[in-house]
């Protein structure tokens, strides 16, 4: 694959990539693979949106209740993980104390990166992998967007680095457009194509971007690039079917049969009874309801078993479960160890993506402002979004003041987003307090001199 790409790049004319038969064949293979992926990954999109298998395959009964109940554990687990792992913004720390570098990152990232990071990892968790595309806006700002296997296909190097060497992005201009377009990212060029009715690519044009390689990076949810749905799909389907059966049994239970023994009633009597609720029968007759006994305990045990199985497979904890009132904070934290380990892996995956983002961002800054920064000198800190005992934390940090820098100590506090800026604010407050104290002492001294002169 690299050989084909290198050959294409060598045949450039006047900086333009030539659309050779070899390149056309390669792009058509990529488009067909993208179509296959769309069919494969459509299940993950449908399950996330609540369109589970039961909506199509539920065993229907004529003249009976056929309600379909969907409990979307897949979506719930994803949202819980994103809120837990990325509820707090990413903290950037300069390894060599270059506060200007951190200021540049905060100025350009603070208004969009938190939501973007959450969306990127949400899509990666949903599909197993997602893609970040970096671009510059009309206002000449550096931005990123999220692509998924439903609208993007990438070819990576076969080595351990797995750098993206070619990427396809398929899209429509707007919601009401029927025509699809494809952007192909190769080297520093973007090739534009239209897709005709036969799913063939029609070349439209090309342009260049400021980066040396395709500005698309792969972000994985785990090392295997697998979705959580692969682990819990069968259990979630069984839960939906069991709960739907129970709901329909209850619904049919409301339509219990009226059993009359030793008497006959006409249709007129039945209509009158339905309207008034009064039914007259002979003395020897008996009237009661014929109902079906539902073993709800068995059903509840089955539902509970399926639910617990899903929580275990997803490494999650049921926060609605009743606990002992005297559990210590350490015991409560230990219940989250599996989820915390899983979220730590997601944070590590996201950290790799952000480092690659910073590499291209610093290229952008060098071109725009002539300033050079090294992405390897930026440390990232991602803090779990869990309740903290601030009193205990403050006590622990105060004991570290003699062995750690204040910037390191501040980085441990969950609500401090930028330790360097926080230290700068603290210094400004201290300087202001000193100036106020000096001014106060000056006024006191002036007042003493005035009083001494007056007494003379």
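Quick note: the coordinates plus some simple rules give every number you see, no bench work behind them. For clarity, every value in this text was computed on a predicted model and none was experimentally measured. Glycine also receives a Cβ, built like all others from the backbone with ideal geometry; neighbour counts cover every protein chain displayed.
A few comments on the model shown:
- In this simple spin-label model, placing a label point 7 Å from the Cα along the Cα-to-Cβ direction at both residue 438 and residue 207 gives a separation of 5.5 nm.
- Structure-derived mean projected area of the Cα convex hull in nm² - corresponding label in (i) 36.2; (ii) 24.2; (iii) 43.9: (iii)
- Report summary: the helix-based calculation at 222 nm, which adds -39500 (n - 2.57) for every DSSP H run with n ≥ 4 and divides by the residues of the chain, gives -16500 deg cm²/dmol.
- For the chain, the relative contact order comes to 18 percent (Cα pairs under 8 Å, sequence separation of at least 6).
- Seen against the Cα atoms of the chain and their longest principal axis, helix 73-86 is set at about 20 degrees.
- Modelled spin labels at residue 297 and residue 279, positioned 7 Å past Cα toward Cβ, are 3.1 nm from each other.
- Ordering of 284-294, 183-193, 40-50, 133-143 by packing [mean C-beta count within 10 Å, highest first]: 183-193, 40-50, 133-143, 284-294
- Rounded to 10°, Cα long-axis angle of helix 21-48 versus longest principal axis of the chain: 60
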